[in-house]
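Inspection log for the structure reproduced underneath, given as structure tokens.
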Amino acid sequence: MSIPESGPHFRIAAARRILYREGLDSQIGGHVSLRVADEDAFYVTPYQYFDESLPEHVMKMGFDLQVRVAGSLPPAAGANFHSSIYRARPDVNCVIHTHGFYQSVLSTTGRPFEVFYDYASLFLGDVAYWKDDLDLTPDDEGDLMAATLGERRVMLMGHHGALHVGDTLENAVVEAIVFELCCRYQVAAMQVGGTPLDERSAEAYRRAYLKYGFRQTMWDANYRRIRKSDPDLWATLG
């Protein structure tokens, strides 16, 4: 059966390939999920390296965490918070969790995410903070994570990584890439005594990036790049 390029299975696999090539692999952990329209369900990926993702690996899972349509690999644990966020946030259509290197390093410092680089203005006032509690049940953890995230788009997870939510897959992927890049700048700037950008200037940058379609343009550019770098993915289109 032919896999459509515009379908969720292909788009999720492409998203994970893009994240990998921008330094956001999570070994076999991490997830990319996408809400299923008009259903209490979401598409999600299994345990695997991001750069080996194929459409056939994507499965459909209900908000009750029961697999409705299996992929060719078994489901990964830890999808509970995706369900909780989709329930709590009707505006969210994509959830991404990665263990990016620099965001994970920054999360150990106890220092908040700040605008040390102009791209970081995209997240001005939009970052929540979470620390894993291994005594929580998966259900309690998911609901608490959703509550901690609130109406924000990013959650920095102490000694772990980060979580991103978005109205579209494309926006969430680009923001995950940019957030990791900005964490890299912040870690480096902190080492040399750099100071963050003032809030007025950061807000001006934020308005400009959102006005001129930065996220879609960056998605398009990365999508063009994986056409060349990942022929095994494009072969699935037949």
| field | Sites residue 131 and residue 227, calculated FRET efficiency, Cβ-Cβ separation with R0 35 Å, nearest 0.05 | value | 0.35
| Put +1 on the Cβ of every Lys and Arg and -1 on every Asp and Glu Cβ in the chain; which of 221, 31, 106 then has its Cα farthest towards the positive end of the dipole? | 221
| field | Loop chymotrypsin sites (Phe, Trp or Tyr not before Pro), the stretch 199-234 (other Cβ atoms within 10 Å of the site Cβ: 15 or fewer; DSSP) | value | 212
| task | Identify, among 84, 157, 196, the residue whose Cα sits farthest towards the positive end of the charge dipole of the chain, taking +1 on the Cβ of Lys and Arg and -1 on the Cβ of Asp and Glu, with the dipole about the Cα centre. | result | 196
| field | Loop GluC sites (Glu not before Pro), the stretch 131-218 (other Cβ atoms within 10 Å of the site Cβ: 14 or fewer; DSSP) | value | 151
| Out of residues 5 or more away from residue 194 or on other chains, whose amide H comes under 5 Å of its own, with H placed 1.01 Å from N in the peptide plane? | none
| request: Would you kindly derive the ³J(HN,Hα) couplings of the stretch 3-13 from the backbone phi angles with the Karplus curve 6.51 cos²θ - 1.76 cosθ + 1.60 (θ = phi - 60°), listing them in order in whole Hz, with x for Gly and Pro? | output: 9, x, 5, 7, x, x, 5, 5, 4, 5, 4
| request: Would you order 104, 83, 6 from fewest to most other beta-carbon atoms within 10 Å of each residue's own beta-carbon? | output: 6, 104, 83
| said: Can you give me the distance in nm between label points at residue 203 and residue 68, each placed 7 Å from the Cα along the Cα-to-Cβ direction? | reply: 4.2 nm
| request: Along Cα→Cβ, 7 Å out, is where each label goes; now give me the distance between the ones at residue 195 and residue 220 in nm to one decimal. | output: 3.9 nm
| task | Would you please give the residues with an amide H less than 5 Å from that of residue 68, counting only those at least 5 places away or on a separate chain, with H modeled from the backbone geometry? | result | 60, 61, 62
| task | Report, in debye and to the nearest 20, how large the dipole of the chain comes out about its Cα centre when Lys and Arg carry +1 and Asp and Glu carry -1 on their Cβ. | result | 780 debye
| said: Per residue of the stretch 98-106, what does 6.51 cos²θ - 1.76 cosθ + 1.60 with θ = phi - 60° give for ³J(HN,Hα)? Whole Hz please, x for Gly and Pro, Karplus curve as stated. | reply: 9, 10, x, 4, 6, 5, 5, 5, 4
| query | Short version: ³J(HN,Hα) in whole Hz for each residue of the stretch 140-151, in order, from phi by Karplus 6.51 cos²θ - 1.76 cosθ + 1.60 (θ = phi - 60°), x for Gly and Pro, what are they? | reply | 5, 4, x, 5, 5, 5, 4, 5, 5, 4, x, 9
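Bear in mind that the values in this text are calculations on the coordinates, not laboratory data. As the structure is a computational prediction, the values presented were derived from the model and not from experiment. Note that each Cβ is placed from the backbone with ideal geometry, even for glycine, and that neighbours are counted across all protein chains shown.
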